[in-house]
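Read the structure below first, then the notes.
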Amino acid sequence: MAENDVDIIVIGGGTTGLITAGRLAQAKPDLSILVIEAGSNSRDNPMVVNPAVYLSHIAPTSTTAKFYKSKTSDYLGGRQATVPTANILGGGSSINFMVYTRAQEVDYDDWNMEGWKGKDMIPFLKKIERFQDKDPEIDKSIHGYDGELSVSAGGTYGQAQFQEDFFKTCEEVGIKKVPDVQDLKTANAVGRWNMWIDEKTGLRQDVPHNFLFPILDAGNTGLKVITDSTVVRVLFDGSNRATGVEYVPTGADHSTKPHIVNAKRLVLVAANALGTPQVLQRSGIGNKSKLEALGIPVVSDLDGVGSNYQDHQGVFYSYLSKAPPEETLDGLLMGHFPFKEAMLQKASNPTRHMLGWNGLDCFGKIRPSEAEVNEFDPALQRAWEKDFRHRETRPLMLICTVALNLARSKTEHPPEGQFFCVVSFTAYPYSRGSIHITGKSVTDIPEFDAGFLNHPADVKKLVWGYKRQREIARRLAYYNGPHSVGHPIFAPGSKANPEVVDAASKAQGYPVPIEYSEEDNEAIEECIRKNLTTTWHSMGTCAMKPREQGGVVDKDLNVYGVKNLKVVDLSICPGNVAANTYSTALAVGEKAASIVAKELGIPYTV
């Protein structure tokens, strides 16, 4: 076989692409598979394998992420949203927050696609898991125990006292604590947030180090990976059959002559929810009028390419904490506990060190009480009646805690001390965005509209989320007042001012009720618009649904109007999931591998 001829090309070496490629290589070792990744190699990168330094990947100076700037939005108070995507081998698995969060079973049911129902996806969710949480109350039948990626109950550190405080407080405000929030059904409870961190090694459970590299190092398959290479477009023959790709070195200018690789069987696109639609559009797949305006020959007229962009939208509320320095990640973030010292700590005590922790210990999926629903804005009441009231396994909001101050980047001189954050984000945002190319070159900056808060119900959900998280935070034993940044600015004399509420609560000896006026609600909404951010969960831009409904791929992930081309990443998700998206990405990769294996006649077991 010629060096530039392979059986399968995978565009993108992220979570889903590597899972699909690796499973196919394991199932049929003589299959030649080439993965082309735009980012750098992640092998043995200490900033990847050590969990506690994950925030380095979304710092403005990061080279492991690519930052997309959305258009300026009135919905965000005249701001641009910035949405990072991974720019490194392993994709999100190499730079994400490593939290183990599963979708609801009903989320997959709602995709309304044969073979993708909740019951169909459970085996794929379990396949790669090595579940290490030994809580006897957890239903073992819904978790995997023989996979390549470990899921621990807290890495090598954890904040047990804070967890106990948080769960006790949640129960005081009517939110129960359960052994397993990730049982695919729980929708109004909190629990320990398990982590994609091995309990013994304290290492990140990314796809390259725990799945891909062992396959490559064994040297007995036809799998090959190249990094620092960006695919320009997919090539087609006269019958619209995908025959290969053009790619250039990442960072090359538009005059660089592309390399060509031919695919004898399939081309699989897994360039993430912001990258995949751009690859398709440069290849002539997308909205006909937009492509023709750029001088790109139309191969398949699909309006849905680049549309339906979704992301959970959240706000991070920081609070001063009474925790000692060793119980938060602020020391690492501020440089008071240097990375070198953290590495020495790890070397001296491999099973108990801060580097094997992500600071994310508590998580919840929550729904409002009937009394709270009665106080909802009309837009949110309509949404509740339509999509939530009679669907009791759908949470309205997701909440979590982070053992550090995520508002630091917004202040030039952040205060010393320890912090915790309570994060409130939408489970099923109605807001939608889009991404479209502006030229034929990979260097042309796309037109991106994140669409955050462009549906009126979403900001109202977040107003309720603010009030809910505040009721929890102010009751915590660790609470030492709100941080001065990132909270609503209430008018003088407002009964909702933290100073007023905290002083009254201290005087009374219990948390006094907070009275919010309409002016206070407006202040909360203004705060949300000024501070809302991505939660790094991009999806939906090449939706798996009927073509006449704006779909881009069918149930077998085939792109409509062409042959031998599939999309195998989170861009195929037609609707959102009530979870961080790593578990869903892994399951999509596993499901894609099973689909391709069946088509190629390769034995494959889930």
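For every other residue with a beta carbon closer than 12 angstrom to the beta carbon of residue 361, add +1 if it is Lys or Arg and -1 if Asp or Glu, then tell me the sum. Net of charged neighbours comes to -2. Note that region 482-498 has calculated 3J(HN,Hα) couplings of x, 5, 6, 10, x, 10, x, 9, 7, 5, x, x, 5, 6, 9, 4, x Hz, one per residue in order, obtained from phi through the Karplus relation 6.51 cos²θ - 1.76 cosθ + 1.60 (θ = phi - 60°); glycine and proline are x. Just flag the trypsin sites (Lys or Arg not before Pro) in region 375-408 sitting in loop per DSSP whose Cβ has no more than 15 other Cβ atoms within 10 Å. Qualifying residues, ordered by number: 389, 391. Listed by chain and number, the lysines whose alpha-carbon sits under 19 Å from that of residue 140, ignoring those within fewer than 8 places in the same chain, are 119, 126, 127, 177, 185. Think of the chain as having a plus end and a minus end, set by charges on the Cβ of Lys, Arg, Asp and Glu; of 516, 557, 402, 557 sits farthest toward the positive end of this dipole.
Over region 1-98, what is the mean sequence separation of C-alpha contacts under 8 Å (at least six apart), divided by residue count, expressed as relative contact order in percent? Intermediate results must be reported in sequence, preceding the final value.
Values: 140 pairs, mean separation 29.1, N = 98.
That works out to 30 percent.
A simple rule links phi to the HN-Hα coupling: the Karplus curve 6.51 cos²θ - 1.76 cosθ + 1.60 with θ = phi - 60°, which for region 281-298 gives 5, 5, 8, x, 10, x, 5, 4, 5, 5, 5, 4, 5, 9, x, 9, x, 7 Hz, with x for Gly and Pro.
Given +1 at the Cβ of Lys and Arg, -1 at the Cβ of Asp and Glu and no other charges, the dipole of the chain around its Cα centre is 680 debye to the nearest 20. With respect to the chain, whose longest principal axis is taken over its alpha-carbon atoms, helix 378-387 is tilted by about 50°. Loop-resident chymotrypsin sites (Phe, Trp or Tyr not before Pro) (DSSP state other than H, G, I, E or B) in region 123-194 with no more than 14 further Cβ atoms inside 10 Å of their Cβ: 145. What number, in percent, do you get for the relative contact order of region 211-260 if the mean sequence gap of Cα pairs under 8 Å and at least 6 apart is divided by its residue count? It comes to 26 percent, rounded to a whole number. Summing +1 for each Lys or Arg and -1 for each Asp or Glu among the other residues whose beta-carbon sits under 10 angstrom from that of residue 286 gives +1.
Label positions at residue 289 and residue 390, each projected 7 Å from the Cα along the C-beta direction, are separated by 3.9 nm.
The antiparallel fraction among DSSP beta bridges confined to the chain stands at about 65%.
The overall shape of region 367-479 is oblate: from the C-alpha gyration tensor, with semi-axes ordered a ≥ b ≥ c, the ratio a/c is 1.5 or greater and a/b is no larger than b/c. The angle between the Cα long axis of helix 160-172 and the longest principal axis of the Cα atoms of the chain comes to about 70 degrees, rounded to the nearest 10.
Between the Cα long axis of helix 582-600 and the first principal axis of the chain there is an angle of about 20°, rounded to the nearest 10.
The modelled label-to-label distance between residue 445 and residue 477, using points 7 Å beyond Cα along the C-beta direction, is 5.1 nm.
What is the order of 557, 268, fewest Cβ neighbours within 10 Å to most? Write out the running numbers ahead of the final one.
Numbers: 557 23, 268 28.
The fewest-first ordering by Cβ neighbours comes to 557, 268.
The phi torsions of region 329-345, fed into the Karplus equation with coefficients 6.51, -1.76 and 1.60 and a -60° offset, translate into couplings of 8, 4, x, 5, 5, 8, x, 6, 10, x, 4, 4, 5, 5, 5, 5, 4 Hz, rounded to whole numbers, with Gly and Pro shown as x. Taking amide H as placed 1.01 Å from N in the peptide plane, the amide H of residue 397 sits under 5 Å from that of 366, 427, each at least 5 places away or on another chain.
Checking the a/c ratio against 1.5 first, then a/b against b/c, what shape does the Cα gyration tensor give for region 450-576? Walk me through the numbers on the way to the answer.
Working: a/c = 4.12, a/b = 3.06, b/c = 1.35.
Judged from the Cα gyration tensor, region 450-576 comes out prolate (a/c at least 1.5, a/b above b/c).
Taking a Cβ cut-off of under 14 Å around residue 148, the surrounding Lys, Arg, Asp and Glu residues balance to a net charge of -1, with basic ones at +1 and acidic ones at -1. Anisotropy class assigned to region 313-443 is prolate, per the alpha carbon gyration tensor with a/c at or over the 1.5 cut-off and a/b larger than b/c.
Full extension of the segment from residue 322 to residue 381, taken as 0.36 nm per residue of separation minus the current Cα-Cα distance, would add 17.4 nm. For Cα extents along the principal axes in Å, the candidate list reads (1) 100, 69, 56; (2) 80, 56, 46; (3) 104, 56, 47; the entry that matches the value derived from this model is (2). In terms of other Cβ atoms within 10 Å, 424, 348, 484 run from fewest to most in the order 348, 484, 424. Would you mind checking 71/530; 134/461; 117/200; 563/591; 69/530 for any pair whose Cα atoms are more than 24 angstrom apart? Over 24 Å apart, Cα to Cα: 134/461; 117/200.
Give the relative contact order (percent, whole number) for the chain; include only Cα pairs under 8 Å separated by 6+ residues. Intermediate values should be presented prior to the final figure.
Details: 1438 pairs, mean separation 131.1, N = 606.
Here the relative contact order equals 22 percent.
Taking neighbour counts of Cβ atoms within 10 Å as a proxy for exposure, in what order, fewest first, do 180, 120 appear?
Numbers: 180 20, 120 16.
Neighbour counts put them in this order, fewest first: 120, 180.
Laboratory data are not the source of any read-out in this text; all were calculated from the coordinates shown. Since the model is a prediction, treat every value here as computed from it, not as a measurement. A quick note on method: Cβ atoms are made from the backbone with ideal geometry, for glycine too, and the neighbour counts reach across all protein chains shown.
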